[in-house]
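Data block below; observations after.
The values are calculated or read from the model by the stated rules, or taken from the named source; none is laboratory data. The structure presented is a predicted model; accordingly, all values stated were derived computationally and were not measured. Here the Cβ is made from the backbone with ideal geometry for all residues, glycine too, and neighbour counts use every protein chain on show.
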Amino acid sequence: MGNTIKQRFYLKKWEGNRIKTNIFIPEKIKVGFQERSGTYTGKLAYVIYYDQKGTLRKEKSWQSWRDQKIQDQDFENTPTSGFVLNKKAGGYSTGWNHRQTYVRVYDPRDFEFEISIPNLLYILENTNSIKGKGLEGEFVYGWDGTDLILIPTSSPDYTEISKFNKVLHENKHVKSKDLVLGGTYKTKDNDEWIYMGRFDYHTTKYNSPEKKGESGYYTDVNKGKHYFFAKDSKDYQGKPYLQLLKLKSLGDKFIEVVSSEPVDNYAAMFESLEHMTDYSPYDKTKDEYIEYTLESFINKINSSNYWDRIVYLNKNEDETAKIKVNNKDNILYSVIVQERVTDRWFSRGYSYQDKTIFEGTLEEIHSEYKPMYRNKYLVNGKLYQKGE
């Protein structure tokens with residue numbers, strides 16, 4: 001059913017007993033119906049909404065789902081009391097037909113709809129269900145993207161969500177003349193970004209090989225002037241990085257000026273930006289090959305996993321070797337290179353296979369091959385990638 005919320009959505013969107021504060025609360029909702037047994041009214045509802053521009057969202061799926069013979073209805077989405085829990089729905093799997101578990105809820109305006117189990121748990125953490133009277137307090141409908149959420153106005157999130165929606169419904173947008181370097185701006189997704197400036201946005205394009213047996217290559221593509229926004233973030237390993245947002249035009253992306261005062265770490269953020277290929281393209285001619293000291297080479301191999309034990313044998317990106325331990329005492333190692341061989345099964349006419357060219361201790365490998373790492377630089381001269 002179109003207005004239900006998938007379990008996997010809640011694994012990401014709900015944190016403990018809180019919900020995201022970028023939930024959209026429309027001023028008006030539209031309700032379509034199907035005849036359905038097991039409901040108080042004999043009808044099940046599919047609820048959609050009008051956005052801040054007055055556009056009806058999810059109308060196509062709503063029209064295909066509802067019974068055209070039953071008159072649809074519009075309602076103001078004002079705080080309303082009198083909601084009643086009815087029964088469980090779904091929760092089965094037959095072949096390819098999988099149905100999540102939902103709970104049917106009666107709206108006092110005489111229609112019934114479905115909410116997810118996580119939504120129900122959130123409601124019960126913030127209000128009571130009174131036998132014979134239903135859910136205590138007032139509720140409004142909200143959406144996160146296409147997903148409906150019934151929100152109790154007694155929840156701690158409601159005040160913040162309401163403030164965000166007040167700004168949304170004013171339908172005002174930040175203009176380019178409002179932007180100040182280092183200033184903070186809020187998007188219609190309730191995210192805050194720091195304005196970094198307007199620069200050429202660089203990306204890459206893959207160029208296919210002209211002849212069979214040759215390799216393809218990447219070239220820089222300048223996408224022209226873009227507005228750059230950034231915020232400090234962390235990757236899946238918890239490591240900090242600068243997250244970027246690049247826009248050709250602002251459009252209606254930003255709805256509020258949070259602060260026109262530059263953030264304290266703007267200089268540090270800009271320094272990070274200068275080391276990114278979105279800001280300045282990679283310049284292969286600036287590659288720097290540096291020989292490992294014996295100590296740094298041993299540390300590199302012993303602290304890296306199997307796939308990271310790659311070193312350069314010459315000042316050439318194609319002349320690399322993998323260092324692989326080949327005895328249980330971690331004393332002897334193999335130097336393995338990729339050898340190109342003819343292979344008619346590949347469209348390019350060749351493939352690669354491993355070839356061991358040396359075996360010995362790390363000290364012997366360092367003495368024999370003088371292994372190196374490569375530092376990469378951008379056109380602006382900033383270090384892009386440290387190879388050690």
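Per the conditions (1) exposed (fewer than 12 other Cβ atoms within 10 Å of the Cβ); (2) farther than 30 Å from residue 247 by Cα, the sole criterion not satisfied by residue 315 is (1).
Scanning segment 53-71 for residues being of a type outside the set (Val, Ile, Thr) and over 36 Å from the mean Cα position of the chain (by Cα) gives a total of 4.
Looking at the structure I just gave you, is residue 153 polar (S, T, N, Q), closer than 28 Å to residue 58 by Cβ, touching a strand residue (DSSP E or B) at 6+ places or on another chain (Cβ under 6 Å) and surrounded by fewer than 19 Cβ atoms within 10 Å (Cβ to Cβ)?
Working: polar (S, T, N, Q): yes; closer than 28 Å to residue 58 by Cβ: yes; touching a strand residue (DSSP E or B) at 6+ places or on another chain (Cβ under 6 Å): yes; surrounded by fewer than 19 Cβ atoms within 10 Å (Cβ to Cβ): yes.
For residue 153, the condition - polar (S, T, N, Q), closer than 28 Å to residue 58 by Cβ, touching a strand residue (DSSP E or B) at 6+ places or on another chain (Cβ under 6 Å) and surrounded by fewer than 19 Cβ atoms within 10 Å (Cβ to Cβ) - is met.
Restricting segment 36-69 to residues that are of a type in the set (Val, Ile, Thr) and in a loop (DSSP other than H, G, I, E, B), the residue that is surrounded by the fewest Cβ atoms within 10 Å (Cβ to Cβ) is 55.
Screening 258, 263 for residues that are in contact (Cβ under 8 Å) with a residue 24 or more places away in the chain, in contact with a Ser or Thr (Cβ under 8 Å, 6 or more places away or on another chain) and not in a strand (DSSP E or B) leaves exactly one candidate, 263. The set of residues in segment 161-178 being closer than 17 Å to residue 150 by Cα and not hydrophobic (A, V, I, L, M, F, W, C) consists of 162, 165. Taking the numbered list (1) under 30 Å from residue 274 (Cα atoms); (2) within 35 Å of the chain's Cα centre (by Cα); (3) in a helix (DSSP H, G or I) in turn, residue 301 passes all entries but (1).
Just to be sure, is residue 293 polar (S, T, N, Q), outside the structural domain of residue 350 (by TED's automatic domain parsing) and out of contact with any Pro (no Cβ under 9 Å at 6 or more places or on another chain)? Show your work before the answer.
Details: polar (S, T, N, Q): yes; outside the structural domain of residue 350 (by TED's automatic domain parsing): no; out of contact with any Pro (no Cβ under 9 Å at 6 or more places or on another chain): yes.
Answer is no for this residue.
Residue 249 fulfils the conditions (1) in contact (Cβ under 8 Å) with a residue 40 or more places away in the chain; (2) hydroxyl-bearing (Ser, Thr, Tyr); (3) part of a loop (DSSP other than H, G, I, E, B) except for a single criterion, (1).
Restricting the search to segment 340-367, which residues are touching a residue at least 12 places away in the same chain (Cβ under 8 Å), over 30 Å from residue 283 (Cβ atoms) and not in a loop (DSSP other than H, G, I, E, B)?
Taking segment 340-367 first, the residues touching a residue at least 12 places away in the same chain (Cβ under 8 Å) are 340-341, 347-350, 352-363, 365-366.
Filter again for over 30 Å from residue 283 (Cβ atoms), leaving 341, 347, 349, 353-363, 365.
Across segment 340-367, the qualifying residues are 341, 353, 354, 355, 356, 357, 358, 359, 360, 362, 363, 365.
Taking the listed residues 180, 258, 263, the one that is closer than 21 Å to residue 23 by Cβ and either surrounded by 15 or more Cβ atoms within 10 Å (Cβ to Cβ) or not assigned by TED's automatic domain parsing to the domain that holds residue 26 (or both) is 258, with no other qualifying. Going residue by residue through segment 94-108, is there one that turns out to be more than 28 Å from residue 156 (Cα to Cα) and modelled with pLDDT of 90 or more? Looking through segment 94-108, none of the residues is more than 28 Å from residue 156 (Cα to Cα) and modelled with pLDDT of 90 or more. The number of residues in segment 5-43 that are under 15 Å from residue 148 (Cα atoms), at pLDDT 60 or above and not acidic (Asp, Glu) comes to 13.
Under the condition of being among the hydroxyl-bearing types (Ser, Thr, Tyr) and not in a strand (DSSP E or B), the residues counted in segment 107-128 number 2.
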